[in-house]
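The values are calculated or read from the model by the stated rules, or taken from the named source; none is laboratory data. Predicted model, so just to flag it, every value in this text is computed and none were measured. We place every Cβ from the backbone using ideal geometry, glycine too, and count neighbours over all the protein chains shown. Ligands, DNA and RNA are excluded from the accessible area calculation, which covers all protein heavy atoms including side chains. Shrake-Rupley method; radii C 1.70, N 1.55, O 1.52, S 1.80 Å.
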Amino acid sequence: MRPELYWISGSAPSWRVMLAFTLKGVPFTSKRLDHGAGENKTASYLSLNPKGQVPTVVFGGTVIRESIAILAWMDRAFPECPIFGDTADHSAAIWQDIMIMEGDLRAPVAATAQGLLRGRVIEPATVEQLSRLMDGYEERLTELTFLGGETAMAADIWLYPALHWIARGVTLSDRPPPKIASLVQDRPAIEGWMIRMRELPGVDQTYPPHWRD
Ligand SMILES: N[C@@H](CCC(=O)N[C@@H](CS)C(=O)NCC(=O)O)C(=O)O
């Protein structure tokens, strides 16, 4: 029996969960939903996820919503290749990163990516906030192979789709703010980390299929 992952192409939280399954080497059954066709709002899907959001994971009688909760569940259900560290201290450091990402980084990432994709102006304060946070990761990745240390952990899994989401917005935008257009290119340690992430087994195959078109 394999976990089933309900996901939508281009959804960063969905990609996060797919990456976690991939990095942990846990085979899963893909249940891709078509957002345009409203497949995430059908009665049968709403019975799994009342908000009609992705991702959702179903495993036996267990239904798990919310990407970070899914990652935490996955690490307990499939303990091989931990993504929340293997000691209490390591786990605390990763959770600390995740909470800061959810608390501080998620909003400017979403405002930037959605703004670019919808042709909206990105507020200068958002650009500055994002740049400052990226400077922090740049400094850390100058010393580290991955945010989680020697191997990619949940914090790496959070950041990788987020930066690709912004990059997708930059690709489709007419006039992205220069600091956003070169968010990664201006930061060689993050750029190197993106390459190391992409080269991990199976990671490139998780890239959202409709973004390849
Ligand atoms: N906090 C949730 C966010 C999930 C979420 O926002 N999903 C979006 C895609 S990125 C969604 O399902 N949108 C479809 C809709 O609401 O119609 C998580 O981390 O899983």
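Checking each residue in region 1-36 for being within 12 Å of the ligand (Cβ to nearest atom) and either part of a loop (DSSP other than H, G, I, E, B) or more than 25 Å from residue 117 (Cβ to Cβ) (or both) picks out 8, 9, 10, 11, 33, 34, 35, 36. Checked across region 57-64, the condition of being touching a Gly at 6+ places or on another chain (Cβ under 8 Å) and not in a helix (DSSP H, G or I) holds for no residue. Only one of the listed residues (125, 111, 167) is farther than 24 Å from residue 67 by Cα and assigned to a helix (DSSP H, G or I). That residue is 125. All of (1) within 16 Å of the ligand (Cβ to nearest atom); (2) closer than 29 Å to residue 46 by Cβ; (3) part of a helix (DSSP H, G or I) hold for residue 95 with one exception: (2). Scanning region 46-56 for residues being near the ligand (Cβ under 10 Å from one of its atoms) and open to solvent by less than 50 Å² (accessible area, probe 1.4 Å) gives a total of 5. Within region 170-208, the set of residues being part of a helix (DSSP H, G or I) and under 26 Å from residue 120 (Cβ atoms) comprises 170, 171, 172, 178, 179, 180, 181, 190, 194.
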